[in-house]
Amino acid sequence: MPPPLAVLPLKRLWTGEMTNERIAAEMARYKPEVILLPNDSREVPFQELLEANYRMVYQDDKLRLYADSTTVRRADSAQRRVVRRPQSAEDSNR
């Protein structure tokens, strides 16, 4: 995530230094691999980008984590390549 978007204090929005339009433009420009958002019902200024290019990969009562499609594919591929070592007799006795 580029530093200008890593953390957005409300003061940057209140002062006009950062606007919803700029947030949306910066998100489209940088296309971060993952996006962590509070789990609330508010839409974000980059909602269209989020819905078109990201998938929610984790959610709890406080947070939502989105990953872009390339990152999700890489994770899925890596998970399939994981070779589970055979269980030895010593492991079975534990």
**OP:** Can you figure out the FRET efficiency of Glu17 with Lys62, using R₀ = 25 Å and their beta-carbon distance, to the nearest 0.05?
**Re:** 0.40
Original post:
Glu48 to Glu33: extension gain in nm, 0.36 nm per residue of separation minus the Cα-Cα distance?
Top reply: 3.8 nm
Original post:
Got a sec? How would Glu26, Glu48, Glu21 order by Cβ neighbour count within 10 Å, fewest to most?
Top reply: Glu21, Glu48, Glu26
Original post:
What share of all Cα pairs of the range 3-80, in percent, falls into each consecutive 5 Å distance bin?
Top reply: 3, 13, 23, 24, 19, 10, 4, 2, 1, 0
**OP:** Among the trypsin sites (Lys or Arg not before Pro) in the range 1-65, which ones are in a DSSP loop with at most 15 other Cβ atoms within 10 Å of the Cβ? Mind listing them?
**Re:** Arg42, Lys62
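We did not get these values from a lab; they are worked out from the coordinates using the rules stated. For clarity, every value in this text was computed on a predicted model and none was experimentally measured. Virtual Cβ from ideal backbone geometry, glycine too; neighbours counted across all protein chains shown.
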